[in-house]
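Colleague: Handing you a structure now.
The values are calculated or read from the model by the stated rules, or taken from the named source; none is laboratory data. Here the structure is a predicted model, which is why all the values come from computation and not from measurement. All Cβ positions, glycine included, derive from the backbone under ideal geometry; neighbour counts span all protein chains shown. Surface accessibility is based on the protein's heavy atoms, side chains included, excluding ligands, DNA and RNA. Shrake-Rupley method; radii C 1.70, N 1.55, O 1.52, S 1.80 Å.
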Amino acid sequence: MQLPWQFDGFPGRVLWVDMTKKEVQPRDIPHEWLMESMGGKGLATRLLIEWDTTDYSEATSLQHPVTKNVDTARHPSSPLLFITGPYQASKVGSSGRAVVVTRSPLTDLYIDTYIGGNIGHVLREAGWDGLFITGASDSLMRLEILDGSAVLHDAAELKGLTTWDVEKKLDHLGECLSIGPAGENGVRIASPLTAGRRAAGRGGTGAAFGFKGLKAVTVKSTSKENIRFASEASLNSAVKVQRQEMGLRRRSGDPFYSFGTSRGPIYASENGRMPTANYSSTNAMIPEFSQLKVRGGTTTVDVRTELNAHELSGEHWHESLPDAKQSACCAPCPIACEAADRPTVDGIKLRKRPVHLDRVDRPEYETLAMLGSNLGLTSSLDVMDGNDACNRLGIDTISAGAALSIVCELVEHNWLPEDWSDHFHAPFDFGRYKKGDVVPWQFGIPELPPLALAMLAHSQPGEGDLFSVLAAGAVAFSSYVEETTGHPATRLTAHCKGLDLPAWDPRGKRGNAMAYMTANVGASHMRAGYKEPTGLPNESALDLMGELIESQNSIVIRDSMILCAFAKGATPDSVMLDAWNAITGDSATWNDLMQRASNQWNLARTWNVEHWDRIGVIPRDADLLSWRLRNEPIPAGIATGMVSFVDEDDEKACLKEYYLLRGWSSNGVP
């Protein structure tokens with residue numbers, strides 16, 4: 001059954017999924033909401049607030065299994081949204097995207113996190129702007145969508161399967177989004193995946209699917225005839241300009257078009273921004289931990305081990321795997337930022353991009369840093385194993401690196417609880433280790449990530465053993481250790497609002513700290529950016545606050561349409577605007593869209609503020625970075641001696657200026 005689009009640029013409906021009642025039904029979206037929100041992130045935020053199903057009287061009484069804080073995200077009434085934007089199902093390049101928006105199981109705050117592949121296109125072609133999921137099933141279910149029809153099926157046969165196995169099992173049903181064992185077990189750093197390696201990575205949204213008992217969503221569309229654009233000709237003109245710019249960049253030798261983000265280790269380490277050994281350093285040099293400020297050190301910190309940033313990079317990966325080729329995953333995408341090896345399997349040389357195969361995918365920069373240098377590893381080839389484990393098990397590579405690395409540093413300081421070991425036993429044969437062998441919690445062990453992540457994915461958050469506590473994420477883990485032992489374990493974390501820091505340390509760039517502090521999701525590198533290099537944070541970022549807000553609003557537009565972040569440079573504001581007007585029939589100016597984006601930013605902030613009010617937290621205090629980022633100087637490299645601000649007064653001044661420019665109160669309330 002084909003469902004016609006009700007408006008130019010929008011199907012005009014979501015699929016309302018009640019997991020408790022095991023019922024699905026269409027629900028129309030008012031046209032003015034679609035236009036005012038711009039779709040994607042903006043639409044999801046509007047629906048999250050307008051249709052919020054949360055029973056706060058019950059939800060706020062839930063206790064987190066580790067920290068004992070409020071655990072609202074776990075309540076069945078907490079909504080979970082999977083939404084597309086107006087660029088999906090169009091020819092706009094690099095628009096194979098969709099967004100997951102919910103209350104983060106990791107932070108209990110607003111989270112928007114993006115996923116690639118083709119599922120966003122196909123869901124829109126099938127006649128849906130997205131999914132609004134509420135309630136929780138008493139048994140594991142899967143959602144099957146075929147054009148305008150949708151049915152919930154029992155998914156007992158999928159229980160415990162990896163995302164790769166689910167995709168293979170459900171391949172005949174079209175595009176597939178699924179969670180692995182980590183999501184089923186409510187691991188707070190779990191992610192849903194599609195296409196073998198595309199994840200909605202941040203904030204533990206895989207656990208949100210697990211809380212609801214939704215193992216997988218499949219989508220198939222049999223026709224594109226129902227798609228409506230206001231002006232195909234105008235849209236084609238905008239797309240032509242975008243493609244020409246992308247082609248020019250490729251022909252000019254832009255390294256991104258050859259290496260994607262995997263070239264990052266070289267740049268980030270040179271500029272003092274690549275997390276190394278649990279964020280204790282930023283330039284691929286592991287420090288002498290006993291000399292760090294967290295241990296009372298006040299002078300020079302010696303370098304214990306120097307890693308090789310080139311060996312961690314995409315360049316080294318390609319040098320080592322000469323048969324590897326660029327490949328595209330998110331159609332239509334002229335960039336093709338992926339790469340995969342083409343090995344010989346069973347005597348047959350693979351020609352196409354392999355899927356669901358170990359040690360073939362080139363990791364992204366965030367993964368190379370968080371599962372590489374942050375764990376003391378120095379080879380991009382070794383990082384492939386941890387990357388594969390995260391993809392199969394359904395775990396965020398950023399938060400996975402943060403979780404494993406904090407255990408390693410705690411062992412360095414001898415700060416683990418007395419009844420916990422400084423090692424674990426290998427759950428299966430891998431590398432140098434046989435099943436049952438002792439695996440030490442140490443930096444620099446290539447086998448540690450895949451072995452430890454397997455243990456983590458099959459644990460449920462709770463008190464007791466190390467992996468159960470770690471399943472709640474690095475921040476909750478550190479709080480538990482600190483309360484149990486008295487050691488200042490929370491000072492070893494790097495986060496904002498409970499979201500683990502990405503692989504760009506703010507102690508190496510002026511203004512970066514404020515971008516993390518003011519993002520509604522917490523420490524995300526994808527919510528702001530500056531046009532020019534800003535230097536080190538030994539000078540105030542006060543003059544950058546206007547540009548920061550402008551950047552944040554602009555990115556809301558990008559994430560509402562939804563365009564891949566890596567395509568924004570080749571897609572000027574004018575092209576984005578022309579595409580929007582051509583698709584929807586709007587006659588907006590860029591300033592009009594920026595105002596709508598500002599409204600979205602304030603809506604999400606208000607949603608967070610209301611949560612903080614319920615639990616007695618001052619928003620200004622919630623915006624602060626963790627101790628290490630504010631107080632622990634970088635021990636080596638170009639950013640030696642740097643923290644995130646000039647001093648505490650500078651931090652206060654920047655926050656005050658930002659709040660003032662946003663029109664918020666002095667406590668950060670819109």
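Colleague: Once the Cβ-Cβ distance between residue 51 and residue 298 is put in as r, and R0 is 60 Å, what FRET efficiency do you end up with, to the nearest 0.05?
Modeller: Calculated value: 0.65.
Colleague: How long are the semi-axes of the equivalent ellipsoid of the stretch 246-351, defined as square roots of 5 times the Cα gyration tensor eigenvalues? Whole Å, largest first.
Modeller: 37, 18, 11
Colleague: Could I ask something else about it? Roughly what would the spin-label model give for residue 649 and residue 325, points 7 Å off Cα along C-beta, in nm?
Modeller: Using points 7 Å along Cα→Cβ, the separation is 6.2 nm.
Colleague: A further question on this structure: Could you work out the local net charge near residue 268, counting Lys and Arg as +1, Asp and Glu as -1, over the other residues with Cβ closer than 11 Å to its Cβ?
Modeller: For residues surrounding residue 268, the net value is 0.
Colleague: Please work out whether the chain counts as rounded, prolate or oblate from its C-alpha gyration tensor, where a ≥ b ≥ c are the square roots of the eigenvalues and a/c under 1.5 means rounded, while otherwise a/b larger than b/c means prolate and anything else oblate?
Modeller: The shape class here is rounded.
Colleague: Rounded to the nearest 0.05, what FRET efficiency do residue 169 and residue 666 give with R0 = 60 Å and r taken as the Cβ-Cβ distance? Could you check?
Modeller: Between residue 169 and residue 666 the formula returns 0.65.
Colleague: Stretched out fully, how many nm does the piece from residue 532 to residue 358 gain, at 0.36 nm a residue minus the Cα gap?
Modeller: Between residue 532 and residue 358, full extension yields an extra 58.8 nm.
Colleague: Which order do the peptides 347-355, 582-590, 602-610 take when ranked by the mean count of other beta-carbon atoms within 10 Å per residue, highest first?
Modeller: Put in order of decreasing packing, that is 602-610, 582-590, 347-355.
Colleague: Hey, another quick one. With no solvent and one point per C-alpha, what does the Debye sum give as log10 I(q)/I(0) for the stretch 163-288 at q = 0.14, 0.21, 0.22 Å⁻¹?
Modeller: With no solvent term, the Cα-only Debye profile gives -1.01, -1.03, -1.05.
Colleague: Averaged per residue, what accessible area in Å² does the stretch 96-252 show with a 1.4 Å probe, protein chains only?
Modeller: 30 Å²
Colleague: What do you get for Rg/Rh over the stretch 20-169 if you use C-alpha atoms and the Kirkwood form of Rh?
Modeller: A ratio of 0.97.
Colleague: Okay, helix-only estimate at 222 nm for the chain: each DSSP H run of n ≥ 4 adds -39500 (n - 2.57), divide by all residues, round to 500 deg cm²/dmol; what do you get?
Modeller: Result for the chain, helices only: -10500 deg cm²/dmol.
Colleague: What does the charge add up to near residue 473, with Lys and Arg as +1, Asp and Glu as -1, over the other residues with Cβ less than 11 Å from its Cβ?
Modeller: -1
Colleague: Continuing with the same structure: Using a simple spin-label model with points 7 Å from Cα along the Cα→Cβ vector, what separation in nm is obtained for residue 222 and residue 435?
Modeller: Output for this residue pair reads 4.6 nm.
Colleague: Still on this structure, I have one more. Using only the Cα atoms of the stretch 402-529, build the gyration tensor, take square roots of its eigenvalues as a ≥ b ≥ c, and label the shape rounded, prolate or oblate: rounded if a/c is under 1.5, else prolate if a/b is larger than b/c, else oblate.
Modeller: Cα axes put the stretch 402-529 in the prolate bin.
Colleague: Given q = 0.15, 0.16, 0.19, 0.22 Å⁻¹, what are the Debye log10 I(q)/I(0) values for the stretch 110-225, with equal point scatterers placed on the Cα positions and solvent ignored?
Modeller: Evaluating at q = 0.15, 0.16, 0.19, 0.22 Å⁻¹ gives log10 I(q)/I(0) of -0.59, -0.68, -0.98, -1.32.
Colleague: Next question. How many percent of all Cα-Cα pairs in the stretch 56-111 sit more than 17 Å apart?
Modeller: Looking at the stretch 56-111, the distances longer than 17 Å represent 49 percent of pairs.
Colleague: Over all directions, what mean area does the Cα convex hull of the stretch 317-360 project, stated in square nanometres?
Modeller: 3.5 nm²
Colleague: Just to confirm the filter: which GluC sites (Glu not before Pro) across the stretch 426-493 are DSSP coil and have at most 13 other Cβ within 10 angstrom of their Cβ?
Modeller: Passing both the DSSP loop test and the Cβ count: 463.
Colleague: Now for a separate question. Please work out how much length the chain gains when fully extended from residue 465 to residue 590, using 0.36 nm per residue of separation minus the C-alpha to C-alpha distance, in nm with one decimal.
Modeller: Computed gain between residue 465 and residue 590 is 39.7 nm.
Colleague: Taking the Cα centre of the stretch 1-105 as the origin, how large is its charge dipole in debye, to the nearest 20, when only Lys and Arg (+1) and Asp and Glu (-1) carry charge on their Cβ atoms?
Modeller: 420 debye
Colleague: Run the simple label-point estimate for residue 442 and residue 422 please: 7 Å along Cα→C-beta, distance reported in nm.
Modeller: Rounded to a tenth, the inter-label distance reads 1.0 nm.
Colleague: Something else about it: Can you compute the FRET efficiency between residue 69 and residue 156 using 1/(1 + (r/R0)^6), with r the Cβ-Cβ distance and R0 = 25 Å? Round to the nearest 0.05.
Modeller: Efficiency, from the Cβ-Cβ distance: 0.15.
Colleague: Okay, moving on. What list of ³J(HN,Hα) values in whole Hz, one per residue of the stretch 639-645 in order, does the Karplus curve 6.51 cos²θ - 1.76 cosθ + 1.60 (θ = phi - 60°) give from phi, with Gly and Pro shown as x?
Modeller: Taking θ as phi minus 60°, the curve returns 9, 3, x, 7, 10, 6, 9 Hz for the stretch 639-645.
Colleague: Now a separate question. Rg/Rh for the stretch 167-215 to two decimals, with Rh computed the Kirkwood way over all alpha-carbon pairs.
Modeller: Rounded to two decimals, Rg over Rh is 0.97.
Colleague: Return one whole number: the accessible area per residue of the stretch 424-469 in Å², for a 1.4 Å probe.
Modeller: 43 Å²
Colleague: Continuing with the same structure: Quick one, can you get me the convex hull of the C-alpha atoms of the stretch 541-662 expressed as volume per residue in Å³?
Modeller: Looking at the stretch 541-662, the number lands at 151 Å³ per residue.
Colleague: Taking the Cα centre as origin and putting +1 on Lys and Arg beta-carbons and -1 on Asp and Glu beta-carbons, what dipole magnitude results for the chain, to the nearest 20 debye?
Modeller: Rounded to the nearest 20 debye, it is 1400 debye.
Colleague: Taking N as the number of residues in the stretch 484-590, what is its Cα Rg relative to 2.2 N^0.38 Å?
Modeller: Here the Cα radius of gyration is 1.33 times the empirical estimate.
Colleague: Relative to the present Cα-Cα distance, how much length would full extension add between residue 305 and residue 1 at 0.36 nm per residue of separation?
Modeller: Extra length from residue 305 to residue 1 when fully extended: 103.3 nm.
Colleague: Could you please state how large a percent of the accessible area of the chain is carbon and sulfur, counting protein chains only and using a 1.4 Å probe?
Modeller: 49 percent
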